[in-house]
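Since the structure comes first, as structure tokens, the remarks are kept for the end.
Every number in this text was worked out from the coordinates using simple rules, so none of it is lab data. Keep in mind that what you see is a predicted model, and the values were worked out from it rather than measured. When we count neighbours, we look across all protein chains shown, and the Cβ atoms used for this are built from the backbone with ideal geometry, even at glycine.
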Amino acid sequence: MTSPLSLTIDQVSVTGLITLRTASDLVVAISHPWAGFQLGAPHIPRLAAGHKDYRDKQWDALASQLLSDLYRAVSSLKEHSSDLCEAYQQPDSLRDRLDGTREELVAVKHQKQQARQQFAEGLLSQRDYQSGLRQLSKVEQHFQELAEQAKSDFLRQHLPESCTALQPDDVLNWLESQLHSTNNNSKQEEQ
């Protein structure tokens, strides 16, 4: 169930939604003047949930603060968009590192499929199959952690004031859409 939020920040009307509100979690998404970004409050562990509960009305102020923080972070992102796009596209940049990580993850997935097929054909014992899957899962987890670390490092380096309010994947999706629209505009101008 979503609940609308509305604020005025620096004479700008900002709207958003509480997209998740449980006893343990609170997540806010901005819908105007930009969309595609969300921010969550710290998770409340079940042990403390008896003392704190995001479903209470007192947490509406926190939801408004999250929306305000999100607006300011996205404003900073928009302000630095050209520098971010340039840094994202540089050789040996985040984009290249993520592409390399994706290739490694695809290779691990392929190895898992091969192991599954060999097991189905009786070429691997159950023990060897499970051992191999555990090793491949560790490799897969390692590459996923490398990708997450690279995203976080990029945000800390290029948007230090906003890195805690923005989700790395939201920023990357936005950067990709910016680059895509820039490429489309360039192609239309050439025609």
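What's the local net charge at Trp34, with K and R +1, D and E -1, over the other residues with C-beta under 11 Å away?
Result for the local shell: 0.
Can you check what the Kirkwood hydrodynamic radius comes to for the chain, Cα pairs only, in Å to one decimal?
Taking the inverse mean of 1/r over all distinct Cα pairs, the chain comes out at 19.8 Å.
Can you give the FRET efficiency to the nearest 0.05 for Glu103 and Trp34, using r as the Cβ-Cβ distance and R₀ = 22 Å?
0.10
So what's the net charge close to His142: Lys and Arg +1, Asp and Glu -1, counting the other residues with Cβ under 15 Å from its Cβ?
Combined, the nearby Lys, Arg, Asp and Glu give +1.
Give the span of region 82-190's Cα atoms along each principal axis, as three whole-Å numbers ordered largest to smallest.
57, 37, 22
Determine the gain in length on full extension of the stretch Leu62-Arg156; use 0.36 nm per residue of separation and subtract their C-alpha separation, reporting nm with one decimal.
31.4 nm
Go ahead and estimate [θ] at 222 nm for the chain from helices alone: -39,500 (n - 2.57) per DSSP H run with n ≥ 4, summed, over the residue count, rounded to 500.
Rounded to the nearest 500, it is -20500 deg cm²/dmol.
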